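Following this message is one structure expressed as structure tokens.
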Amino acid sequence: MRYLPRAVRQIRCFSHVYREVSLNELVGNQRDPIRRNFSSYFVEKYLHSARIEGSSKPNLVFLRHFSSPVITDSDIATPNGEKAGPFVEYERRIASGELIEGDHFQVDTIQLLQRLYDELIEKEDECQLDRYTSSKKAGRSRWLWSRLIPQSTYAPVKGLYLYGGVGTGKTMLMDLFYEQLPSNWRKKRIHFHDFMLNVHSRLQMHKGVADPLEVVAAEISDVAIVLCLDEFMVSDVADALILNRLFRHLFSKGVVLVSTSNRAPDNLYEGGLQRDLFLPFIETLKERCVVHEIGSSVDYRKMGSAEQGYYFVGSKYNELLKQKFQELVGDEEPKPQVVEVVMGRRLEVPLGANGCAYFPFEELCDKPLGAADYFGLFKKFHTLALEGVPKFGASNRTAAYRFVTLVDVMYENKARLLCTAEASPIELFESIVTVSDARKLSPRSSSRSQKRDDLDLCVDNELGFAKDRTISRLTELNSREFLEQFEANLKKHSQAVEA
């Protein structure tokens, strides 16, 4: 009963707006601004509730604006009075020593995620987040009406697009947000590479359909209304050409996007083929998401210690790499294996045993392989021994792209890396520069020009941005903290299997 007055007010408000939208639909006016105005009315003006100071009736609330700079205890309390949400969990982990205290950039970001969390909790029914409740409403009736009368159900909540430098905690903060969402909600957290592989696989299944992207979007939205995508990076023209239509369908089906990226929306797919066809997606993204930069210059991944790693510089350590690989394998004899990848593809593993795989660099990064192959590899193996990582430049640009993708997939799967390399992580990529970095090199003296020519300079914006992330992740993969956590997770998994 205590929520009745508030519920009545909401029903009246929604009834009024619903009649207005329905009337426009019946007369054939399907323009988006009506629905966008309906969404933004709640998103931008009335997002979160705050208790009235001094009131003895907790059900009486004011609605608070999204940009409110302060989060109070009452804002992050559940109906039974307990605190909940990513901000609370963030503070708990800092207090327990699980996380080091972040800078104000991280705090600003976690507050945005907390506000989004509060808003989703507040509008759970409107967003149809409960998978069990929404499944009861699904079926032939909804399928039939969706085809007789075209419907758009844009969420009354804007998502978040978080971007910034490497190692600033974007993925950690998004994961913290995702983990706090109720388990009964329709939600999905996935790496962008894996997400697009899934999309293309589904498109193959729906060949011949009038609009296969709409079918794929419907399938995705049935599983995930809150969609968390890590490392949003567009480098493939096939992805670039379908993203706008795909996400327009997703947003029209109520999907709320939360994403991390190293690049601002306006810089996505910069310099890519047929980028003019990609530009509408940028506007769609900015329309449906709050764009927030994490401006920190601190790389938290490099704050760990790396003296325990398996990153060996120089080919003279190749035998040591094989020895370490054999130690991890144990008594099992390594032998060639085959990994099943998506759409019937198969990846041949030169040597594998006991969850560990051994590859020469050429076998993984000089062959026409991609993210699908790497995801398939790490579904079967938790450890990779990689022999002979070279320095990268113009002469092996394609191999550099594959290596970046390999490290991304390995990091996403929390896999262990052993490798020999021609140089340190930073030196591997010293010849990869962005266009702006290349301009700083000119005008050059003849001696400096000769030195740069020797370095096999490669001017590539996407690779130039991605290299910082790869360097940072290679550093973390070889830190003592990461390897200790890996061992703990492996031990826990082994105990679970034995039980």
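Could you please state how large a percent of the accessible area of region 332-485 is carbon and sulfur, counting protein chains only and using a 1.4 Å probe?
That share works out to 48 percent.
Is there a quick way to get the dipole size of region 149-240? I mean about its Cα centre, with the Cβ of Lys and Arg at +1 and of Asp and Glu at -1; what is the value in debye to the nearest 20?
That gives a dipole near 220 debye.
With label points built 7 Å along Cα→Cβ from the Cα atoms of Ile190 and His104, find their separation and express it in nm.
Placing both labels 7 Å along Cα→Cβ, they lie 3.9 nm apart.
Hey, another quick one. Between Phe281, Leu246, Tyr269, whose Cα lies farthest towards the positive end of the dipole of region 245-285 when Lys and Arg beta carbons carry +1 and Asp and Glu beta carbons carry -1, centred on the Cα centre?
Leu246
Going down the table (Lys335/Lys467; Lys83/Lys491; Lys187/Lys380; Lys123/Lys414; Lys170/Lys367; Lys158/Lys467), which pairs top 27 Å between alpha carbons?
Lys335/Lys467; Lys83/Lys491; Lys123/Lys414; Lys170/Lys367; Lys158/Lys467
Hey, any idea what % of region 182-232's accessible area is carbon plus sulfur with a 1.4 Å probe?
52 percent
Here's another thing I want to ask about it. Once the Cβ-Cβ distance between Glu340 and Met205 is put in as r, and R0 is 25 Å, what FRET efficiency do you end up with, to the nearest 0.05?
The calculated FRET efficiency here is 0.90.
Which percentage, to the nearest 5, of the DSSP beta bridges contained in region 289-435 is antiparallel?
Beta bridges within region 289-435, antiparallel portion: roughly 40 percent.
Between Glu487 and Leu241, what length in nm is gained on full extension when 0.36 nm per residue of separation is reduced by their alpha carbon distance?
Result: 84.4 nm gained on full extension.
Could you please state, rounded to a whole Å, how far the C-alpha centre of region 232-254 is from the C-alpha centre of region 367-391?
26 Å
Give me the number: length gained by fully extending Leu279 to Asp130, i.e. 0.36 nm times residue separation minus the C-alpha to C-alpha distance, one decimal in nm.
50.3 nm
To continue, here is another question. If I stretch the segment between Asp266 and Ile94 completely, what's the gain in nm (0.36 nm per residue apart, minus their alpha carbon distance), one decimal?
Between Asp266 and Ile94, full extension yields 58.5 nm more.
Let me ask something else about it. Along Cα→Cβ, 7 Å out, is where each label goes; now give me the distance between the ones at Lys367 and Arg480 in nm to one decimal.
Each label point lies 7 Å from its Cα, and together they span 3.8 nm.
For labels at Lys316 and Thr398 in the simple 7 Å Cα→Cβ model, what's the distance in nm?
So the two model labels end up 3.4 nm from each other.
The values are calculated or read from the model by the stated rules, or taken from the named source; none is laboratory data. Quantities reported herein were computed from a predicted structural model and do not represent experimental measurements. Methodologically, a virtual Cβ is constructed for each residue, glycine included, from the backbone with ideal geometry; neighbour enumeration extends over all protein chains shown. These accessible areas exclude ligands, DNA and RNA; they are computed on the full protein's heavy atoms, side chains included. Shrake-Rupley method; radii C 1.70, N 1.55, O 1.52, S 1.80 Å.
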